[in-house]
Amino acid sequence: MFDGVSHDVEALVEFVVRHPRLFVLTGAGVSTDCGIPDYRDARGDWKRPPPVSHQAFMGSHGVRQRYWARSLVGFRALAAAHPGQAHVALAALERQSRITALVTQNVDGLHQRAGSRRVIDLHGQADVVKCMQCGATLMRHALHDELARRNPEWLSLTAAVGPDGDADLDGYDFSTFEVPGCHRCRVGILKPDVVFFGDNVPKPRVEQAFSALEDASGVIIIGSSLMVYSGFRFARRAAKAGKPIACVNLGATRADDLFDLKIMAPIGPTLAALIDELEPWQREDAPKRQNPASAGF
Ligand SMILES: [Zn+2]
């Protein structure tokens, strides 16, 4: 009971009980247990080549051929993933009415599949594809069916996969890979409806998240190095507003000096233990814990 993880969990329980309206921000670290790798190592450096940029994708048919070929091979892993301990725990936390918003940088949809409802998909959802010309949308699996029909020889390939379903296929000639245009306007470029690297999160979405942050009494950042500004800005805004911030992440983050509590422990088991520990508090319906040893947040 009193190993390192338990002390961490005690501190996190304390934080959650003290701050009943939580703004939660999650990153790739909550999905790694589900077989979806993350982008960064423990020091916050890239583990794999950075994902394709918005500008490169929109600017070159060759880049799009390479993108969709790699995606046809890699996206299956993303589509087959199931919510893990962290997703389940956060859905439970929401059912306990402790969460004002769950803002995620992930595009895997696993929070919703675990039952979370107050989700803001900061970077969109990878299972929808949108025409950049006329705005038509279609489900990604439908486009992948079409890609598979046109490019059957690619289906047998396998490769390591990134968090966005991008497979590490290199050294192939992508120039023969057939990419269909928009089914409606026929000319538009189809793009996953996610914010690519180098693109901005739509402003209304950012405002929605800021408004949830304003409403919150505390912030928990889980499984993100906050290396991209789209997530980092929430830590910065919270710190400026004097809101306490806890972080559960195995590695360094860009905002480490802003945290009131930093827990470097495996995310899934830590959050699962948090829910176990919180249950008695739910039954007593009054989060009024006395714990003189936990000053500082
Ligand atoms: Zn179109």
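The values are calculated or read from the model by the stated rules, or taken from the named source; none is laboratory data. No experiment lies behind these values; they were computed from the predicted model shown. With ideal geometry, Cβ positions are generated from the backbone for all residues, glycine too; neighbour counts draw on all protein chains shown.
Observations on the structure shown:
- Residue within the stretch 106-117 that is surrounded by fewer than 23 Cβ atoms within 10 Å (Cβ to Cβ), closer than 25 Å to Asn200 by Cα and modelled with pLDDT of 95 or more present: yes
- Residue in the stretch 51-59 that is more than 23 Å from the chain's Cα centre (by Cα) and either more than 21 Å from Thr104 (Cα to Cα) or at pLDDT 95 or above (or both) present: yes
- Taken over the stretch 164-187, the residue count meeting the criterion of being in a loop (DSSP other than H, G, I, E, B) and surrounded by 12 or more Cβ atoms within 10 Å (Cβ to Cβ) is 15.
- Lys191 meets each of the listed conditions (1) within 14 Å of Val103 (Cβ to Cβ); (2) not in a loop (DSSP other than H, G, I, E, B) apart from (1).
- Yes/no for Leu190 being touching a residue at least 24 places away in the same chain (Cβ under 8 Å), surrounded by 21 or more Cβ atoms within 10 Å (Cβ to Cβ) and within 16 Å of the ligand (Cβ to nearest atom): yes
- The single condition among (1) in contact with a His (Cβ under 7 Å, 6 or more places away or on another chain); (2) crowded, with 18+ Cβ neighbours inside 10 Å that Ser217 does not satisfy is (2).
- Just one of (1) at pLDDT 95 or above; (2) in contact with a helix residue (DSSP H, G or I) (Cβ under 7 Å, 6 or more places away or on another chain) fails for Glu94. It is (2).
- Any hit, the stretch 67-83, residues being more than 16 Å from the ligand (Cβ to nearest atom), at pLDDT below 95, in contact with a Ser or Thr (Cβ under 8 Å, 6 or more places away or on another chain) and not in a helix (DSSP H, G or I): yes
- With respect to being surrounded by 17 or more Cβ atoms within 10 Å (Cβ to Cβ) and touching a residue at least 12 places away in the same chain (Cβ under 8 Å), Arg205 fits the description.
- The condition of being touching a Cys at 6+ places or on another chain (Cβ under 7 Å) and more than 15 Å from Phe174 (Cα to Cα) does not hold for Leu78.
- Of all residues in the stretch 132-163, those that are in contact with a strand residue (DSSP E or B) (Cβ under 6 Å, 6 or more places away or on another chain) and either part of a loop (DSSP other than H, G, I, E, B) or within 15 Å of the ligand (Cβ to nearest atom) (or both) total 5.
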